[in-house]
Each structure stands twice: as C-alpha cells, then as structure tokens.
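Here's the structure we're looking at; comments come further down.
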Amino acid sequence: MLDRSEEGTAQGTDARPAAQPRGVTRWRRSAVVAVPAVVAITVMAVAMTEGALAANLSLTAVPFTLSSNTVAAPKGLGAVMTTVNAGTSPTAVTEVGLAKAGLDGICIHATQSVNLPVVGTVGTWSLNITSPAATTPLTTAQLDAGQGLQASNLILDGGAITGASATLNATATTPNQIGAGADSANIKNSGITDGSTGQFGLDATGGETDISGLKAHANGATLGGAITLPNLNIALVNGDTAGKGAGGGDC
C-alpha cells in the first residue's frame, strides 16, 4: 500500500506538469505606480475647474508671438509709443491699431511655467492658438470681401511688430502722417484710445494697409469686436513647442 507521497509517482500517467507562468498584470504593483499619476491628473482637473490653471496661463502678462501670412486693413492703421523705459534696460512699447482687418491665417504662441496646488511645478507649457491660412493664399481683395479671419479693432501691444513687406496707401486729401498726435481723432478711430497729447503717433488711416508676413512679439492683444476664426485650434502642449503657422512653419 502506497502512502500519499508516493501515489503521484506510481500513477505517472496522471502526473501534471508544473504550472507555467501566465501573462497576468500585477495589479497591486500597477496601482502603486498609477496612484501618483491619478492624483496629479485629479488635481489638475480640479485646478482647471477652479480657474487656477487658466490664471497661470493668462496672456495679459506673458509675452507671446503672433504671426499671419497676409493682413488687409481697409481702414489703415494707427501706431503710437505708449511706454518708454530709459532705465538700465531701455525698452519701449508700441501700440498698433487696425479698426478692421482680414487675415489669411493666424498663429499665437505663448509659454509659461505652470504651478499647481499640491503637485507643485509641472514645468513649462505652451499655449498655441491657430487658424490656418488658406491652401491657396488669399488676396487682399478677398480678405476685404470677408474671406479668411475677420477682426474688428485689433490692437497689438508689443516691442517689435514687423512685416516682410507693407503698403500704406493714402490719397492727396487723406495723406499718411508720420508724427501725428497720439491722441488725434484718426488714431482713436483705429482703436487706440490711450494715446496722450505730445506722444509720437503714425496716422496711416488715409487708405488701406496691406502687410505680408506679419510677425509680432507682443505683450498683449485685444479685440474690441467679434472675431471669426476658420478651423480654430487651441492646444496646450508640454515644453516650449510652437504651433504650426502659415506654410507649416513655427509661429
């Protein structure tokens, strides 16, 4: 008679091989790894709900870049110097106002270090706002007729506003004036209302202004009226990562 320890050997045909390891998830270990990520996502969601994340990404105090393929301003533009700092780091701020503007695409790119409650810093993030240019570049006549991105009272506030080329049209009866008073009626009509008496201004409201390859390193931008953004895309991405502007180039 066999005892139980010898029974398996005697019945060799019934012996079972040792169990092979199967592809299973070790839930306890996975949970330990996942908890910090879940907490971070939860805190970020709460912060967004409470407006904390939005406040940290406010563009009012964050320099950003704005670019556009072509800008057509049928009512011209006004420009004034609003702030000049002659200290150890001389700086100047210019305001450019367009009462009406049609733009063939726009790309806005801003970066900021984001801090969240409990989690702390989550590094540098980029906010990219894009409305791509048309596949076939729009003409100024098409932009004047309402195609592309349409804006009213577009005001750019920054230290450097450039264009690959610009045409400031005027007539003999409504000439462009370099050195116009910053508080003149024409400049106010361009949307700039904070120009002071004695400040230098450019009154180019005598005809249409056309700008190609607009690039603005700005501190602020305001819109006094409605804006139409075809195929708008707003993306928040990690790092200093610019969105794609006209022609696929970075903002």
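The values are calculated or read from the model by the stated rules, or taken from the named source; none is laboratory data. The structure presented is a predicted model; accordingly, all values stated were derived computationally and were not measured. Note that each Cβ is placed from the backbone with ideal geometry, even for glycine, and that neighbours are counted across all protein chains shown. The protein model used for the area step is the full one, side chains on, heavy atoms only, and it has no ligands, DNA or RNA in it. Shrake-Rupley method; radii C 1.70, N 1.55, O 1.52, S 1.80 Å.
The table below gives the values:
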| read-out | value |
| --- | --- |
| Filtered residues of segment 173-221 (kept if within 17 Å of residue 101 (Cα to Cα), over 23 Å from the mean Cα position of the chain (by Cα), β-branched (Val, Ile, Thr) and assigned to a strand (DSSP E or B)) | 209 |
| Out of 156, 127, 98, sole residue that is touching a residue at least 60 places away in the same chain (Cβ under 8 Å), in a strand (DSSP E or B) and either β-branched (Val, Ile, Thr) or touching a His at 6+ places or on another chain (Cβ under 8 Å) (or both) | 127 |
| Only one of 220, 191, 213, 206 that is in contact with a helix residue (DSSP H, G or I) (Cβ under 7 Å, 6 or more places away or on another chain) and touching a residue at least 60 places away in the same chain (Cβ under 8 Å) | 220 |
| Any hit, segment 137-151, residues being in a loop (DSSP other than H, G, I, E, B), of a type in the set (A, V, I, L, M) and out of contact with any strand residue (DSSP E or B) (no Cβ under 7 Å at 6 or more places or on another chain) | yes |
| Answer from 202, 143, 138, 214 - the residue that is out of contact with any Pro (no Cβ under 7 Å at 6 or more places or on another chain), closer than 21 Å to residue 63 by Cα and open to solvent by less than 60 Å² (accessible area, probe 1.4 Å) | 214 |
| Test: residue 172 is over 23 Å from residue 236 (Cα atoms) and without any contact (Cβ under 8 Å) to a residue 24 or more places away in the chain | yes |
| Output for segment 189-199, where each listed residue is surrounded by fewer than 22 Cβ atoms within 10 Å (Cβ to Cβ) and not polar (S, T, N, Q) | 194, 198 |
| Condition check for residue 159: surrounded by fewer than 17 Cβ atoms within 10 Å (Cβ to Cβ) and of a type in the set (Gly, Ala, Ser) | yes |
